[in-house]
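Student: Starting off with a structure, shown below.
The values are calculated or read from the model by the stated rules, or taken from the named source; none is laboratory data. Worth saying up front: this structure is predicted, and the values here are computed from it rather than measured. Note that we place each Cβ from the backbone using ideal geometry, even for glycine, and neighbour counts take in every protein chain shown.
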């Protein structure tokens, strides 16, 4: 795990602004150290041990009070996405869409996403992680028309929320050809019902 924010070295090498407690020293043979620091759910912390005169340490850690991952009491709101002006749950074939969570779930460390087609097949699943209440999102390209359901769950080591799901309908791209006849110099008025209209002569 990388704690060196300067990216100059690998491994655990924290900078001064990352230290939450003072350095503690014990007898070169053995000893006990008690840490009492304020932590934030979802954040990542590390403890650095250095052997005395090059010794290799045999370290055991005991949590005296608390320390369990918090229960997730919130409810995830539905993921939001740009539907490009179509219906509230509709997309076009080939659309690359970003789905985002906007509400915060205190204590969540990750979100799991699952996209299922109308046959019950899982066509996409992934887990995104964030620090604290960082907003998470996924990106997916719908190459196949059909009906889908996207579900997302917020989790930590000990708890998870109920899944929140939204339906998605992906419409196929179709070319619709219409013809009409007008006199030379005449005007033609049309109210397109489609996302893109190409005009041509034949």
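Student: Quickly run through region 86-111 and pick out the residues that are under 16 Å from residue 165 (Cα atoms) and part of a loop (DSSP other than H, G, I, E, B).
Tutor: Of everything in region 86-111, those that are under 16 Å from residue 165 (Cα atoms) and part of a loop (DSSP other than H, G, I, E, B) turn out to be 88, 89, 101, 102, 103.
Student: Within region 98-109, identify whether any single residue is farther than 15 Å from residue 154 by Cα and modelled with pLDDT of 75 or more, and answer yes or no.
Tutor: Yes, region 98-109 contains a residue that is farther than 15 Å from residue 154 by Cα and modelled with pLDDT of 75 or more.
Student: Surrounded by 17 or more Cβ atoms within 10 Å (Cβ to Cβ), in contact with a strand residue (DSSP E or B) (Cβ under 9 Å, 6 or more places away or on another chain) and closer than 28 Å to residue 39 by Cα, is that true of residue 105?
Tutor: When the stated conditions are applied, residue 105 passes them.
Student: Do you know which of the residues in region 76-97 that are within 14 Å of the chain's Cα centre (by Cα) and buried (at least 16 other Cβ atoms within 10 Å of the Cβ) is modelled with the lowest pLDDT? Write out each step before concluding.
Tutor: If we filter region 76-97 for residues that are within 14 Å of the chain's Cα centre (by Cα), which is where we start, we get 76-81, 97.
This time we only want the ones that are buried (at least 16 other Cβ atoms within 10 Å of the Cβ), so: 76, 79, 81, 97.
On the way: 76: 84, 79: 89, 81: 88, 97: 91.
Here the residue is 76.
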